[in-house]
Every structure is written in structure tokens, then in C-alpha cells.
Amino acid sequence: MQSGIGSGGAEVVLTLTRETAARARITGRVLLADGKPATGEEVSAGCTDARRFSEECVVGTDGEFAIDVPAGTWMLGVTVKGHAGFRSEAQRLEFGTTWNAGTIHLDRGGTVRVNDGERPTLGHRIVTPDGRFVAVLHTPLPPPRSDLLNPGDYVLLIHGSQIAAQAIPF
């Protein structure tokens, strides 16, 4: 590691080696709630490994997508206005392999609204029954409300000063 770089010092040379291994590929299809292809919408893949980045692509007219990525552990995400978002589980990809994510059906979803007496000190979090984070509630205007959620089972966690923390399944 080079430190103390300044004017008048020794020349610093960075050498980058091009990755020549075959990239991995993520493929799939995205359909809207009405069953039509999500043409023109964006699919993103984020690498969960340290010091990695994300890749994006636009869904084609038939709803299909393909993203070429380096080897690593990747998650897919799709956000389309008026539909609940989609986020996949992490998938480990090696060089030259393909992960077919299958058909992703987006749903119109629903929101959660909490009438908490407009207490600004309360915190709200939505998780799956196994504890995986899903969303927080927003409060641009009371009452607090979630983004669109897919149908399913969830738990609302409520915490704050001077109240007992609660976990409410719904």
C-alpha cells in the first residue's frame, strides 16, 4: 500500500489487470400484475461481496432480461411504480455459470398503516416471520404508512421510549 503521495514525490504507477474469465449470467422474465411483460422496466443485480457494485438492465418487450456479472454472490431487485417491489435471496455465481431466476410476477400489493396516536418517538419496522427485514413505515404525513408490500405473512415491530416493544403478526 502506498501512502504519503504528494507533489514532487516519486511517480506512482497503477497496473490494472483485465479480468479474462467468463462472466456469470443472470436471466429471467418479469411480468406485471396483469400478466403483461414489464417492458422497459429496470432489473438490478447487487453483489453482496465486499467492494463490489451493481449491474442493471432493461426488460425486453417479451419481459425477459439478462445481466452479465463477475463471479460473486448476487441478489436481484425489481421496482416498478404501482407494484410491490421484488428482492431475491442471495445466489452464489461462479465464472461461466447461469442463474435462471425464472418468472418474477410483480403484484399490486398493499400498504400497512398504523394509527399510533401520532407519537413521533415510535419506531416501526416490518419483518418476515423469520425476522428478515422488509420495510419501515414512512411519515411524510401522519399516520405512518409502508411502501407497497407483496401478499404474505409479516410482523410489525413497534418500539419507542416509555412503551413496551411489541411484535404484531399480520
Please determine whether any residue of the range 17-26 is closer than 25 Å to Gly109 by Cβ, buried (at least 16 other Cβ atoms within 10 Å of the Cβ) and either more than 19 Å from the chain's Cα centre (by Cα) or in contact (Cβ under 8 Å) with a residue 24 or more places away in the chain (or both). yes
Pairs please, first residue from the range 83-99 and part of a strand (DSSP E or B), second anywhere and surrounded by fewer than 18 Cβ atoms within 10 Å (Cβ to Cβ), Cβ atoms under 6 Å, 6+ apart in sequence or on different chains. Arg87/Gly77; Arg92/Thr73; Thr98/Arg25; Trp99/Gln91
Determine which member of the set Trp99, Trp74 is modelled with pLDDT of 90 or more, more than 30 Å from Arg145 (Cα to Cα) and touching a Phe, Trp or Tyr at 6+ places or on another chain (Cβ under 8 Å). Trp99
Does at least one position in the range 16-23 carry a residue that is out of contact with any Lys or Arg (no Cβ under 6 Å at 6 or more places or on another chain) and either among the aromatic types (Phe, Trp, Tyr) or modelled with pLDDT of 90 or more (or both)? yes
Could you tell me which residue of the range 88-118 is nearest to Glu19 (Cα to Cα), considering only residues that are surrounded by fewer than 15 Cβ atoms within 10 Å (Cβ to Cβ) and charged (D, E, K, R)? Glu94
Among the residues of the range 128-151, count how many are of a type in the set (Gly, Ala, Ser) and either surrounded by 12 or more Cβ atoms within 10 Å (Cβ to Cβ) or in contact (Cβ under 8 Å) with a residue 60 or more places away in the chain (or both). 2
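The values are calculated or read from the model by the stated rules, or taken from the named source; none is laboratory data. Keep in mind that this is a model prediction, so the values were computed, not measured. All Cβ positions, even for glycine, are placed from backbone atoms using ideal geometry, and neighbour counts span all protein chains on display.
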